[in-house]
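Novice: Sending over a structure as structure tokens; questions will come in a sec.
Laboratory data are not the source of any read-out in this text; all were calculated from the coordinates shown. Just so it is clear, the structure is predicted and the values come from calculations on it, not from any experiment. So basically every Cβ, Gly included, is an ideal-geometry build from the backbone, and we count neighbours across all protein chains shown.
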Amino acid sequence: PESYFREPDEVAWATRFGLATEDGHVRDYRAFVDAARSAGTSNNGVFGVRIMWGSLERMMEGLGQVPGKPDLPILEEALGPLTFVHLRREDIAAQAVSWCRAEQTGYWQQGDVISQEPHQDIAQTRLLMETIRKHNAAWQAWFDAQGVEPHTVTYEQLIGDRLRVIQGIAAKLAIELPSSWRPQSAHQKQADMLNRAWSDALRTSMGR
């Protein structure tokens with residue numbers, strides 16, 4: 001799924017959707033959500049979107065969050081009935097390294113252009129590790145507050161057995177996969193030996 005609601009990309013997506021923007025935001029957030037919903041809905045009628053913790057506040061602000069009221073009804077009014085798949089990574093040191101490298105280079109996914117070469121920064125990666133911990137805890141607190149039981153998947157499970165993970169998600173969505181279907185992806189693993197070296201150095205700095 002795409003990250004339609006990532007705030008730094010809001011203007012880019014709004015422009016692609018043909019919506020007016022002003023001061024770094026789309027003028028009509030409801031129209032923006034409707035356009036994202038249309039763009040992210042596959043042929044079987046399922047809408048999928050990737051939402052990072054840092055994006056949720058902007059979403060709720062744009063949709064008219066009511067202080068003291070649950071977020072879930074507002075989200076479902078805008079997006080329809082929701083099923084949450086909580087994807088997290090067990091190895092947060094490796095996650096922090098990947099995040100740090102992407103921030104430094106501007107290369108987040110295939111198709112991006114590297115803006116500068118990466119350089120090892122232990123302080124930055126340690127700060128990102130702490131941010132990851134806080135975001136994981138914030139999501140769990142939000143799920144608890146909304147009465148949501150997400151379908152939890154780890155990055156490690158996904159790369160270890162994609163078929164089994166996707167079958168689990170499909171079952172949660174009540175979607176029946178063809179028996180002969182197998183997952184395929186045009187994406188390639190971005191981590192390399194540099195990531196491993198940085199991760200090892202990060203763990204060493206923390207005495208692990």
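Novice: Note down the nm distance, to one decimal, between modelled labels 7 Å out along Cα→Cβ at GLN110 and at SER205.
Specialist: Calculated label separation equals 3.1 nm.
Novice: Let me ask something additional. Given 5 Å bins starting at zero, what is the percent of C-alpha pairs of region 124-208 in each, up to the one with the largest pair distance?
Specialist: Percent of pairs per bin, in order: 3, 10, 13, 16, 17, 15, 13, 8, 3, 1.
Novice: In nm, to one decimal, how far is the ARG50 label point from the ARG30 one, both placed 7 Å along Cα→Cβ?
Specialist: Roughly 3.0 nm, to one decimal.
Novice: Here's a follow-up. Of the listed peptides 108-117, 193-202, 76-85, what is their order by residue-averaged count of other C-beta atoms within 10 Å, with the highest listed first? Working shown, then result.
Specialist: Values: 108-117: 9.1, 193-202: 15.2, 76-85: 13.1.
Top of the packing list down: 193-202, 76-85, 108-117.
Novice: Quickly estimate the mean residue ellipticity at 222 nm for the chain, helices only: each DSSP H run with n ≥ 4 gives -39500 (n - 2.57), and the total goes over all residues, rounded to 500.
Specialist: -16000 deg cm²/dmol
Novice: Is the shape of region 48-144 best called rounded, prolate or oblate, per the rule: a/c under 1.5 gives rounded, else a/b larger than b/c gives prolate, else oblate, with a ≥ b ≥ c the square roots of the Cα gyration tensor eigenvalues? It would help to have the intermediate numbers written out before the result.
Specialist: Numbers: a/c = 2.46, a/b = 1.86, b/c = 1.32.
Because a/c hits 1.5 or more and a/b exceeds b/c, region 48-144 counts as prolate.
Novice: What do the square roots of 5 times the Cα gyration tensor eigenvalues come to for the chain, in whole Å, largest first, as semi-axes of the equivalent ellipsoid?
Specialist: For the chain, the semi-axes come out at 29, 23, 19 Å.
Novice: Now for a separate question. What is the calculated FRET efficiency for ASP91 to LEU194, with r their C-beta to C-beta distance and R₀ = 25 Å, to the nearest 0.05? Could the numbers behind the result be given before it?
Specialist: Details: r = 16 Å, r/R0 = 0.64.
The formula returns an efficiency of 0.95 here.
Novice: Moving to a separate point now. Placing +1 on the Cβ of each Lys and Arg and -1 on the Cβ of each Asp and Glu in the chain, which of ALA14, ASN195, GLN110 has its Cα farthest towards the positive end of the resulting dipole?
Specialist: Checked the options; the winner is ASN195.
Novice: Given 0.36 nm per residue, what is the gain on full extension from GLN140 to ALA39 after removing their alpha carbon distance, in nm?
Specialist: That works out to 33.5 nm of additional length.
Novice: Then there is this: Once Lys and Arg get +1 and Asp and Glu get -1 on their Cβ, which of ASN136, ALA35, PRO183 lies farthest toward the positive end of the dipole of the chain?
Specialist: Farthest along the dipole direction, towards plus: PRO183.
Novice: Okay, next question. For the chain, what is the relative contact order in percent, using Cα pairs closer than 8 Å and at least 6 residues apart in sequence?
Specialist: Normalised by residue count, the contact order of the chain is 19 percent.
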